[in-house]
1. Going 7 Å from Cα along the Cα-Cβ axis for the label, what nanometre distances separate residue A:53 from the same residue across the other copies?
2. If one computes the Cα centroid of the stretch B:5-84 and of the stretch A:122-178, what distance in Å separates the two points?
3. Based on the Kirkwood radius over alpha-carbon pairs, what is the Stokes-Einstein translational diffusion coefficient of the protein assembly as shown at 37 °C with 0.692 mPa s viscosity, in µm²/s?
4. Averaging sequence separations of C-alpha pairs under 8 Å and six or more residues apart, then dividing by the length of chain B, give the relative contact order as a whole percent.
5. Just the Kirkwood number for the stretch B:15-151, please: inverse of mean 1/r across all distinct Cα pairs, in Å, one decimal.
6. Please identify every one of the GluC sites (Glu not before Pro) in the stretch A:25-86 that sits in a loop by DSSP and has no more than 15 other beta carbons within 10 Å of its own beta carbon.
7. Within a Cβ distance under 10 Å of residue A:175, other residues only, what is the Lys/Arg minus Asp/Glu net charge?
8. In nm to one decimal, list the spacings between the residue B:24 label point and its equivalents in the other copies, with label points set 7 Å along Cα to Cβ, shortest first.
Number of protein chains: 2
Amino acid sequence: MDQAYPADPPLADLLNDVWLRLDPGVAERNAPARHLVLATVGRGGGGEARTVVLRAADRRQGLLCLHTDSASAKVAELTAQPLATLLLWDPPAQVQARLRCTIAARPGTDEEWQRVPDPSRRAYGGGPPPGRPILSPGDYGADADRARFTVLEAEVAEIDVLHLGGLRHLRARFARSDGWQGQWLAP
Amino acid sequence: MDQAYPADPPLADLLNDVWLRLDPGVAERNAPARHLVLATVGRGGGGEARTVVLRAADRRQGLLCLHTDSASAKVAELTAQPLATLLLWDPPAQVQARLRCTIAARPGTDEEWQRVPDPSRRAYGGGPPPGRPILSPGDYGADADRARFTVLEAEVAEIDVLHLGGLRHLRARFARSDGWQGQWLAP
């Protein structure tokens with residue numbers, strides 16, 4: 001096997017690269033990491049997924065934050081099974097990061113609520129609750145409800161990175177349990 | 001509540017729209033539906049997700065196909081728990097479709113294998129198997145192995161559609177069980 005491939009980056013670069021991609025997702029509307037996919041276990045026992053907006057990323061603590069409505073299905077799903085994955089896919093770079101997390105739902109703080117722009121507050125609240133059958137779209141009324149504003153705190157346990165854009169495919173896994181030292185994997 | 005919102009499309013349009021978005025994903029490299037996210041239940045019990053390439057979409061049968069390596073973790077996960085979600089997210093249109101499926105893995109047919117371009121065949125096979133620890137990227141060897149070429153057949157049971165791009169958010173669910181007649185949901 002060809003050990004001396006000139007294009008292989010140091011292992012640590014793959015971890016740095018993930019956080020460098022996550023950071024702009026918090027602030028920039030068009031960053032690839034703006035939208036992640038949150039995969040949970042559904043109440044029926046199968047895999048569930050939806051697109052979410054990244055609200056905070058803290059590399060030092062290995063923590064990501066999302067905002068949601070306390071009445072959403074994902075809160076119920078995460079309460080029953082907190083082990084979930086946040087998926088980052090950056091199409092131009094052909095980089096995928098699977099962040100395996102333990103996710104806890106907690107009420108948003110006043111400080112967090114103050115930072116939500118006025119029109120966006122209507123995403124937290126309203127009736128009937130999300131996912132409930134209605135007769136026509138007009139039977140739903142959006143309304144801001146401070147009490148339903150919920151923060152999902154995702155403590156990252158493991159990051160599985162895949163680079164498909166280079167001379168060959170690279171894959172590595174980094175785990176909190178060993179201080180993120182990392183391990184190459186077969187892609 | 002405002003029943004007579006001029007922008008509300010007929011319910012059936014939301015289902016048509018999903019299949020019209022899926023179709024180009026099969027043939028066009030840059031279609032938003034080229035890459036879906038497959039969410040499964042991991043062997044550790046939590047939600048897992050990865051990006052996959054859509055290989056076939058058949059509206060009449062309500063069937064989607066993906067290709068994979070029989071040695072990949074998703075085959076083991078789907079064998080243990082076939083209930084999974086395929087997620088379509090179309091950023092310019094701000095349309096999301098969550099396709100809840102029962103997914104079965106079967107060997108790819110000769111006809112399917114013939115349609116896989118030569119360089120892409122190396123994605124099915126190689127050693128060590130995907131996800132196995134290696135000392136350096138050079139310790140993995142890609143190799144085509146016809147015997148490991150696997151097709152994932154996803155029978156769609158339910159489609160949960162969300163439109164965020166219009167004058168107001170629209171959400172509906174369509175189910176095989178009632179002939180896909182559809183139901184508006186609170187977004």
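1. Between copies, matching label points for residue A:53 lie 3.3 nm apart.
2. 18 Å
3. Values: Rh = 21.5 Å.
In µm²/s, the coefficient is 152.
4. Numbers: 360 pairs, mean separation 38.7, N = 187.
That works out to 21 percent.
5. Working: mean 1/r = 0.0623 Å⁻¹.
So the Kirkwood estimate lands at 16.0 Å.
6. Values: sites: A:28, A:48, A:77; in loops: A:28.
Sparse-neighbourhood loop GluC sites (Glu not before Pro): A:28.
7. Values: positive: A:100, A:173, A:176; negative: A:158, A:160, A:178.
Result for the neighbourhood of residue A:175: 0.
8. So the label point of residue B:24 gives 2.5 nm to the other copies.
Every number in this text was worked out from the coordinates using simple rules, so none of it is lab data. Nothing here was measured: the structure is a model prediction, and the numbers come from that model. Cβ: placed from backbone, ideal geometry, glycine included. Neighbour counts: every protein chain shown.
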